[in-house]
Amino acid sequence: MDNFIFTSPTYFVFGKDTENKAGEMVKKFGGTKVLIHYGGGSAVKSGLIDRVKASLDKENIPYILLGGVQPNPRSGLVYEGIELCRKENIDFILAVGGGSAIDSSKAIAGGVLYDGDFWDHHSGKSVEKALPVGTVLTIAAAGSEGSGNTVITHENGMFKRGCRTDILRPKFSILNPELTCTLPPFQTACGITDIMAHLYERYLTNTKDVEVTDRLIEGLLLSVINEAPKVMKNPQDYNARANIMWAGTLAHNNVCGVGRTQDWTGHSIEHELSGLYDCAHGAGLAVTMPALFSYVLGHDVARFAQIAVRVWGCQMDFANPEITARKGIEALRQFLISIGMPKNFEELGAKEEDIPYLVDALCCGNGRPGYIEGFVKLDKNDCEKIYKLMV
């Protein structure tokens, strides 16, 4: 196990009707004027925004609203939010929604107190300070409610890039599983896929002797695999929703990732798909993961065989562990198909003829050096082969 420093200071408020505590939480963490940042009309139509506003009114905290966050959140709205916060003297940002609203809020928070272009933070420059952010989560997926990560797509080039720093971890996150019960099945399945991807990205490590975090990851994967069919069959299953929501938070607050190297090439490969085609991130990951894992399998057959046995219940073939490893990858693929995820480029809406563009954007776009690096270092030739496996 590697040395590590870990902090997870987010104050979590979990359970039914907890969105009504939003104003109380903002006050607790020093907010005196709030930007409520949210996505489309569902948060308004459901009455959630009104409940959040009422909770702020109760604490005599003024607020400004900025809606319009879309999946794969865009830089244009981030720039708008930064200027609005400066103009209105906002000192706290409250994200209401899923990972997209939270990521956009974090990018705004880092940009308001920065003299340059916020995109610098998504191009390698450290975030030195940021406005505090709180969240009211409506989708169990990205884990942004407990992490310091934010991913934004810049309209100039449609580059989808991340920024990661503990400075951007939310001060508090309100998690009411009831708010996820009305999600369409496809969005629920995309969220489940994203949670599983976050766990796999940490499982694929080159660090030895990390049994504790291996077991944490395996346990969370087993829980998600157990609960997912329940919510796909009965969207109103509160307890299954609750388990998936908390699993999503634990999958990405990095408690499972400390003391070990991590991968994240899968997310990088997928980001080009959702950046170009505007497909759902989880759907893109469902197509990406089996292809990537099949390609890099030879780098550490034992690790893939281990997760096949411990998570997917495959029988270990000691004479040829690669057979077991491949069975585990196929079990993942079939599980994702079973919850309604796409299995190839065609079902995702991607085009084989775009692969050269995807590879160039992935490996060279926005200042990248011609390769991506994680569990395995992948150059342009590798990435082209991986994308072709998705066709």
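Tilt of helix 301-310 relative to the longest C-alpha principal axis of the chain, in degrees (0 to 90, nearest 10)?
It works out to around 70 degrees.
What is the calculated FRET efficiency for ARG215 to ASN239, with r their C-beta to C-beta distance and R₀ = 22 Å, to the nearest 0.05?
Between ARG215 and ASN239 the formula returns 0.40.
So if I place +1 on the C-beta of Lys and Arg and -1 on the C-beta of Asp and Glu, and nothing else carries charge, what would the dipole magnitude of region 295-391 be about its Cα centre? I want it in debye, nearest 20. Each step should come with its number before you reach the end.
On the way: 12 positive and 14 negative charges, 67 e Å.
For region 295-391, the charge dipole is close to 320 debye.
Compute the long axis of helix 321-338 from its Cα atoms, compare it with the longest principal axis of the Cα atoms of the chain, and write down the angle in degrees, 0 to 90, nearest 10.
40
Could you tell me which of rounded, prolate or oblate describes region 289-368, using a ≥ b ≥ c as the square roots of the eigenvalues of the alpha-carbon gyration tensor, with rounded for a/c under 1.5 and, failing that, prolate when a/b is larger than b/c and oblate otherwise?
oblate
Would you mind getting me the FRET efficiency between GLN70 and ASN206? Use the beta-carbon distance for r and R0 = 30 Å, nearest 0.05.
0.25
Arrange the residues ARG169, ARG215, ARG86 by how much accessible surface each exposes, largest first, with a 1.4 angstrom probe.
Solvent-accessible surface, decreasing: ARG215, ARG86, ARG169.
Using modelled amide H (1.01 Å from N, peptide plane; none on Pro or chain starts), what sits under 5 Å from the amide H of TYR63, excluding residues fewer than 5 places away?
For TYR63, whose amide H was placed from the backbone, the distant partners under 5 Å are VAL34.
Per residue, how much accessible area does region 110-195 have with a 1.4 Å probe, in Å²?
On a per-residue basis, 34 Å².
Treating only the Cβ of Lys, Arg, Asp and Glu as charged (+1, +1, -1, -1), what charge dipole size does region 1-79 show about its Cα centre? Round to the nearest 20 debye.
200
Between GLU88 and ASP117, how high is the FRET efficiency from 1/(1 + (r/R0)^6) when r is the Cβ-Cβ distance and R₀ = 25 Å? Nearest 0.05.
Calculated transfer efficiency: 0.75.
With +1 on the Cβ of every Lys and Arg and -1 on the Cβ of every Asp and Glu, and nothing else charged, how large is the dipole of the chain about its Cα centre, in debye rounded to the nearest 20?
Here the chain has a charge dipole of around 760 debye.
In degrees from 0 to 90, rounded to the nearest 10, what is the angle of the helix 380-389 Cα long axis to the longest principal axis of the chain?
With rounding to tens, the tilt is 80 degrees.
Could you tell me whether region 1-143 comes out rounded, prolate or oblate from its Cα gyration tensor? Rule is a ≥ b ≥ c as square roots of the eigenvalues, rounded for a/c under 1.5, then prolate if a/b exceeds b/c, otherwise oblate. Present the calculation step by step, with values, prior to reporting the outcome.
Values: a/c = 1.45, a/b = 1.23, b/c = 1.17.
Here region 1-143 falls in the rounded category.
Distance in nm between label sites at ILE323 and ASN3, each 7 Å beyond Cα in the beta-carbon direction?
Spacing of the two 7 Å Cα→Cβ label points: 4.5 nm.
Please work out the Cα center distance from region 1-57 to region 329-361, rounded to the nearest Å.
34
Return the whole-Å distance between the Cα centroid of region 273-321 and the Cα centroid of region 131-155.
Region 273-321 and region 131-155 have Cα centres separated by 25 Å.
Among 134-147, 344-357, 296-309, what's the highest-first ranking by average C-beta atoms within 10 angstrom per residue?
134-147, 296-309, 344-357
At a 1.4 Å probe radius, carbon and sulfur cover how many percent of the accessible area of region 213-286?
The computed percentage sits at 55.
For the chain, with the dipole built from +1 on Lys and Arg beta-carbon atoms and -1 on Asp and Glu ones, taken about the Cα centre, which of GLY68, THR32, TYR387 lies farthest toward the positive end?
Value: THR32.
How much accessible area per residue does region 263-391 have, counting only protein heavy atoms and a probe of 1.4 Å, in square angstrom?
Heavy-atom accessible area per residue stands at 42 Å².
Normalised by the residues of the chain, what does the relative contact order come to in percent, with Cα pairs under 8 Å and at least six apart?
It comes to 15 percent, rounded to a whole number.
What is region 198-357 by shape, rounded, prolate or oblate, if you read a ≥ b ≥ c off the alpha carbon gyration tensor as root eigenvalues and call it rounded for a/c under 1.5, prolate for a/b larger than b/c, and oblate otherwise?
Cα axes put region 198-357 in the rounded bin.
Roughly what would the spin-label model give for PHE14 and PHE186, points 7 Å off Cα along C-beta, in nm?
The two pseudo-label positions are separated by 3.1 nm.
Could you tell me what percent of the accessible area of region 45-187 is made up of carbon and sulfur, with a 1.4 Å probe and every protein chain present?
Numbers: 2690 of 5420 Å².
Carbon and sulfur: 50 percent of the exposed surface of region 45-187.
With the cut-off at 32 Å, tell me which of the pairs LYS16/LYS343; LYS58/LYS233; LYS58/LYS125; LYS16/LYS106; LYS45/LYS233; LYS327/LYS377 have Cα atoms farther apart than that. Spell out each step's value before the answer.
Values: LYS16/LYS343 35 Å; LYS58/LYS233 39 Å; LYS58/LYS125 39 Å; LYS16/LYS106 25 Å; LYS45/LYS233 25 Å; LYS327/LYS377 24 Å.
The answer is LYS16/LYS343; LYS58/LYS233; LYS58/LYS125.
The values are calculated or read from the model by the stated rules, or taken from the named source; none is laboratory data. These numbers were taken from a predicted model, which means no experiment stands behind them. So basically every Cβ, Gly included, is an ideal-geometry build from the backbone, and we count neighbours across all protein chains shown. Calculation scope for accessible area: heavy atoms of the full protein, side chains included, ligands and nucleic acids excluded. Shrake-Rupley method; radii C 1.70, N 1.55, O 1.52, S 1.80 Å.
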